[in-house]
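Input: a single structure, listed below in structure tokens.
The values are calculated or read from the model by the stated rules, or taken from the named source; none is laboratory data. Computed from a predicted structure; not experimentally measured. Positions of Cβ are generated from backbone atoms using ideal geometry, with glycine treated the same way; all protein chains shown enter the neighbour counts.
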Amino acid sequence: MKTIPVSSLAGLWLLMCPALAQACPSQVPPGLTAVAVASKAVVNGLSMAINQVQGPGTAGSMLDRVEQQWKEGGFDVRRGKAMGWETVSALGKGCLVTLQLVDRNGVFGYLARSSPHSGAAASPAALGVPLPPDAKVASSVASDDDGRKGLVVAMSSQRTLDQLGEFFMRQLGDQGWSGLRSHKIVNPSNGAASLLVNARRGRGQVELVMWREAGTQIVMTVSEAL
């Protein structure tokens with residue numbers, strides 16, 4: 001699974017005016033080749049289609065050209081930097097396109113097209129994984145790969161590792177998950193503990209990783225096997 005930084009997209013929706021009459025840029029910018037990475041992802045309420053792109057030149061010069069082209073097309077265009085990436089975004093009617101690049105054997109990066117998601121995205125409850133009542137969800141990334149649903153949720157809770165382990169083991173068992181395993185790992189150098197919980201149900205697999213930080217941080221991954 002490729003890691004794609006997308007946390008800034010929701011913020012861009014708030015910063016850029018959505019009331020434009022023009023649709024988003026629909027073509028891969030000239031000079032870049034693209035390979036589809038995800039076509040049915042839902043990230044924090046946004047439907048996303050993501051392409052991996054690469055080409056010759058430098059990130060700065062490529063983004064300069066794309067920025068000019070999109071401005072000439074009448075789009076609301078913004079430049080920025082996020083997590084080491086240089087970005088350019090264009091907002092159209094009900095959609096946002098973001099190109100993020102780094103200098104790597106020429107230029108390398110991702111082209112993401114997003115729009116408000118109108119349907120029901122996969123949720124922990126829909127996939128049979130109850131969340132602690134006090135859980136605060138920081139991000140949620142859902143995918144649908146030829147009918148195989150996936151979900152990655154980052155959240156926090158004020159419960160301890162032991163309390164969360166008991167909660168998930170009990171709730172997953174009640175939801176029909178089997179092969180439940182819970183394993184605590186302690187870092188010998190600093191005594192920091194983390195907890196792993198795994199289970200399966202039919203083609204579904206769930207993995208939870210938890211560690212103490214500002215309460216307890218939880219990353220949950222739910223996926224379906226082929």
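The table that follows gives values for the structure above.
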{"quantity": "Single residue of the range 207-224 satisfying the filter (out of contact with any Ser or Thr (no Cβ under 7 Å at 6 or more places or on another chain) and of a type in the set (A, V, I, L, M)) that is farthest from Val141 (Cα to Cα)", "calculated": "Leu208"}
{"quantity": "Which numbered condition Asp134 misses (of (1) more than 17 Å from Met48 (Cβ to Cβ); (2) in a strand (DSSP E or B); (3) not small (Gly, Ala, Ser))", "calculated": "(2)"}
{"quantity": "Residue check, Leu180 closer than 16 Å to Met220 by Cβ, more than 25 Å from the chain's Cα centre (by Cα) and part of a strand (DSSP E or B)", "calculated": "yes"}
{"quantity": "Residues that are closer than 18 Å to Gly128 by Cα, of a type outside the set (D, E, K, R) and surrounded by fewer than 13 Cβ atoms within 10 Å (Cβ to Cβ), drawn from the range 175-219", "calculated": "Gly176, Ser178, Gly179, Gly202"}
{"quantity": "Residue in the range 214-222 that is in a loop (DSSP other than H, G, I, E, B), touching a strand residue (DSSP E or B) at 6+ places or on another chain (Cβ under 7 Å), farther than 17 Å from Ala125 by Cα and modelled with pLDDT under 95 present", "calculated": "yes"}
{"quantity": "Count - residues of the range 144-174 that are buried (at least 18 other Cβ atoms within 10 Å of the Cβ), charged (D, E, K, R), at pLDDT 85 or above and under 19 Å from Arg200 (Cβ atoms)", "calculated": "0"}
{"quantity": "The listed residue being more than 30 Å from Glu213 (Cα to Cα) and either in a strand (DSSP E or B) or of a type in the set (Gly, Ala, Ser) (or both), out of Ala154, Ala142, Ala125, Ala112", "calculated": "Ala112"}
